[in-house]
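The values are calculated or read from the model by the stated rules, or taken from the named source; none is laboratory data. Please read these numbers as outputs of a predicted model, since none were measured by experiment. Positions of Cβ are generated from backbone atoms using ideal geometry, with glycine treated the same way; all protein chains shown enter the neighbour counts.
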Amino acid sequence: MTGASGPQSDDCIFCAASEPGRDELVLARGRVSYVILNLYPYNNGHLMVVPNRHAPNLATLSADEQVELMRFTRHAEMALTEAYAPHGINIGINLGKPAGAGVLDHLHVHLVPRWNGDTNFMTTLGNTRVLPEDLAQGAAKLRPIFERLQKDDV
Ligand SMILES: [Zn+2]
């Protein structure tokens, strides 16, 4: 539990990952939010910026949460650019089931690196499927970049 930060949900993966040291996919932790790799990525480097609190939408975010969420989103853009040199990046929030939210009621900002012609994650070259980068490998690449960005940008 994160104490004063608000009610958490027991069966919410983002609440679970908000607890310090609990998730090896976490790339960076701030005061009120964190950055985590997507376990089911659309592309290599697909990550999410998440408030610690079980907040369902932007309307319910505190001023602190808004600021840190945007700072981490900025850092994520910079880290992905440095680590993967993508041709583009999708940055988005899905609110509610019809909008495609995989986890309901806990806001998260997706960042998905894109490459010309990638069309989707299951890229095929001839008949060979291009396997995704190992998640641990992606985390090892991105974590030090986030660390440096956080240090330089307080
Ligand atoms: Zn939650």
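A few notes on this one:
- Of the residues examined, residue 27 is not one that is farther than 18 Å from residue 140 by Cα, crowded, with 17+ Cβ neighbours inside 10 Å and modelled with pLDDT of 95 or more.
- Looking across the range 50-73 at every residue that is within 14 Å of the ligand (Cβ to nearest atom) and hydrophobic (A, V, I, L, M, F, W, C), the one that is nearest to the chain's Cα centre (by Cα) is identified as 50.
- Complete set of residues in the range 61-85 that are on the phi > 0 side of the Ramachandran plot and part of a helix (DSSP H, G or I): none
Listed here are the residues, each with its yes/no results for (1) part of a strand (DSSP E or B); (2) within 16 Å of the ligand (Cβ to nearest atom); (3) at pLDDT below 95; (4) out of contact with any strand residue (DSSP E or B) (no Cβ under 7 Å at 6 or more places or on another chain).
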residue: 91; (1), (2), (3), (4): yes, no, no, no
residue: 102; (1), (2), (3), (4): no, yes, yes, yes
residue: 117; (1), (2), (3), (4): no, no, yes, yes
residue: 136; (1), (2), (3), (4): no, no, yes, yes
residue: 142; (1), (2), (3), (4): no, no, no, no
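- Unique residue being under 12 Å from the mean Cα position of the chain (by Cα) and in a loop (DSSP other than H, G, I, E, B) when the list is 34, 40: 40
- Qualifying residue in the range 45-59 (condition: outside any loop (DSSP other than H, G, I, E, B), farther than 21 Å from residue 147 by Cβ and modelled with pLDDT of 95 or more): yes
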